[in-house]
Amino acid sequence: MPIKLITSANHSIPASLQSPLPDQQFLYYSRQLLLPDWSEQRQLQLLQKKLLIIGLGGLGCPAATYLAGAGVGWLLLADGDKVELSNLPRQTLFRTSDIGLNKAEAAAATLQQLNPFVRIDALPQMLDEAELSRRIAWADLVLDCSDNLATKLAINRICQQQQRCWLGASASGYQGYSWLINPTSGGCLHCLGHQQPLLTGGCLQQGVYTPLVGQLGLQLASMALQQLANGRRRRSFVQIYQHHHQQFSQCQLLADPQCECCGVTADV
Amino acid sequence: MSEMIDIYLNGDRLQVAAGMDLQQLQQQFADGQHVAIALNTEIMPRRLWADRSLQARDQVLMFNLVAGG
Ligand SMILES: [Zn+2]
């Protein structure tokens, strides 16, 4: 199939981005470049973006795969866990030969083979608050693909302090949801009710419906592309999975005026 | 007997007493569970639950808060 060459009509991009895509990359991204609202300019802009993905499990693997494939220029993958046999059914970047390896490093190795044209770095450790804060400040966008409440609340707190938009998701059993939190418009994870210890446990206690984490991971990839590509800041929202109806419902996340994290009384 | 109204809870129609608020709805259907509630596509902060009375044909989504991935 011949590749349709796209010439961008508007040359409003910075000088550093005006070099044409090398031939191989043009071929690599060709199916995306053919989309009616995509262009070489848009691709070059995406290739300048820096993305922090926290957690390379059932959510992080699919999200990272599609974002590396889309051409996000620099992915930083953070995870302190090792690959286990029970991860393989849904953590699609890993093979049996990866068991025992650090997840961030194993994921980075696979992703680099999937897309050799972007930069992929691994942080093979759990990030403490100071390190997390420093990495979040570095990134254009943050994806919370972690599996625990403490990490999610730390990301929520730091992104609120730094006024950074961020995306995340959570799943357990047949229940799950993804979110976009915009600190300047709408509520935060505390407002959603995550400030108290959750009664339901994580995947370890409840199990998890394998396709659901995959779907949530792909939702995050799509939301991230929207954010990175057009930069328009949407109001905070949550997409809730209803297993009974096999569908997602999107709801606005209202701010709690008395929220201890984002409210007017919060010490931000 | 008090007047009843029809609402939709997680897509299913059911009858509740007129004037019931979100706090009472949670106590009736998810007592002791850690849930969030969306009323007509807006997620309501917990603090507002007791102030929000249900109206006929309201769409309520009640979902468990979880922390896995
Ligand atoms: Zn809040």
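Which one of the conditions (1) closer than 17 Å to A:Val213 by Cα; (2) crowded, with 20+ Cβ neighbours inside 10 Å; (3) modelled with pLDDT of 95 or more does A:Ser86 fail to meet, given that it meets all the rest? That leaves (2) as the condition not met.
Looking across segment A:130-162, the residues that are away from the ligand (no atom under 16 Å from the Cβ) and either within 14 Å of chain B (Cβ to nearest Cβ) or modelled with pLDDT under 95 (or both) come down to A:Leu143, A:Cys145, A:Ser146, A:Asp147, A:Asn148, A:Ala150, A:Thr151.
With respect to (1) among the β-branched types (Val, Ile, Thr); (2) within 18 Å of the chain's Cα centre (by Cα); (3) more than 15 Å from A:Ala63 (Cα to Cα), the lone exception for A:Ile99 is condition (2).
In segment A:172-184, the residue that is farthest from A:Leu52 (Cα to Cα) out of those that are modelled with pLDDT under 95 and small (Gly, Ala, Ser) is A:Gly173.
Within segment A:201-235, the residues that satisfy the criterion of being assigned to a loop (DSSP other than H, G, I, E, B) and closer than 27 Å to A:Gln32 by Cα are A:Gly231, A:Arg232, A:Arg233, A:Arg234, A:Arg235. Against the condition more than 10 Å from the ligand (Cβ to nearest atom), more than 10 Å from every other protein chain (Cβ to nearest Cβ), crowded, with 18+ Cβ neighbours inside 10 Å and modelled with pLDDT of 90 or more, how does A:Leu216 come out, does it pass? Spelling it out, it is not the case that A:Leu216 is more than 10 Å from the ligand (Cβ to nearest atom), more than 10 Å from every other protein chain (Cβ to nearest Cβ), crowded, with 18+ Cβ neighbours inside 10 Å and modelled with pLDDT of 90 or more.
Condition check: of a type outside the set (Ser, Thr, Tyr), in contact with a Leu (Cβ under 7 Å, 6 or more places away or on another chain) and farther than 20 Å from A:Ser170 by Cβ. Does A:Lys82 satisfy that? Give the steps one after another, and end with the answer.
Details: of a type outside the set (Ser, Thr, Tyr): yes; in contact with a Leu (Cβ under 7 Å, 6 or more places away or on another chain): yes; farther than 20 Å from A:Ser170 by Cβ: yes.
When the stated conditions are applied, A:Lys82 passes them.
When the residues of segment B:23-54 are filtered to those that are among the hydrophobic types (A, V, I, L, M, F, W, C) and either within 8 Å of another protein chain (Cβ to nearest Cβ) or touching a Leu at 6+ places or on another chain (Cβ under 6 Å) (or both), the one that is farthest from A:Leu254 (Cα to Cα) is B:Val35. All told, B:Met4 falls short of being closer than 14 Å to B:Arg57 by Cα, more than 14 Å from chain A (Cβ to nearest Cβ), surrounded by 14 or more Cβ atoms within 10 Å (Cβ to Cβ) and hydrophobic (A, V, I, L, M, F, W, C). Going by the conditions given, is A:Ile54 at pLDDT below 95 and touching an Asp or Glu at 6+ places or on another chain (Cβ under 9 Å)? Spelling it out, it is not the case that A:Ile54 is at pLDDT below 95 and touching an Asp or Glu at 6+ places or on another chain (Cβ under 9 Å).
Quick check: anything in segment A:167-176 within 16 Å of the ligand (Cβ to nearest atom), in contact with a Cys (Cβ under 9 Å, 6 or more places away or on another chain) and among the small types (Gly, Ala, Ser)? Among the residues of segment A:167-176, at least one is within 16 Å of the ligand (Cβ to nearest atom), in contact with a Cys (Cβ under 9 Å, 6 or more places away or on another chain) and among the small types (Gly, Ala, Ser), which makes the answer yes.
Apart from one condition, B:Gln28 fits all of (1) without any contact (Cβ under 8 Å) to a residue 24 or more places away in the chain; (2) not in a helix (DSSP H, G or I); the exception is (2).
Quick one: which residue in A:Cys145, A:Cys191 is on the phi < 0 side of the Ramachandran plot and more than 18 Å from the chain's Cα centre (by Cα)?
On the way: A:Cys145 fails: more than 18 Å from the chain's Cα centre (by Cα).
None of the others qualify; the one that does is A:Cys191.
Look at A:Phe248 and say whether it is under 17 Å from the mean Cα position of the chain (by Cα), of a type in the set (Phe, Trp, Tyr) and at pLDDT 85 or above. Against the criterion (under 17 Å from the mean Cα position of the chain (by Cα), of a type in the set (Phe, Trp, Tyr) and at pLDDT 85 or above), A:Phe248 does not qualify.
Residue count for segment A:219-258 under the criterion of being more than 7 Å from chain B (Cβ to nearest Cβ) and within 16 Å of the ligand (Cβ to nearest atom): the result is 5.
The values are calculated or read from the model by the stated rules, or taken from the named source; none is laboratory data. Remember, predicted model here, so these are calculated numbers, not experimental data. Cβ: placed from backbone, ideal geometry, glycine included. Neighbour counts: every protein chain shown.
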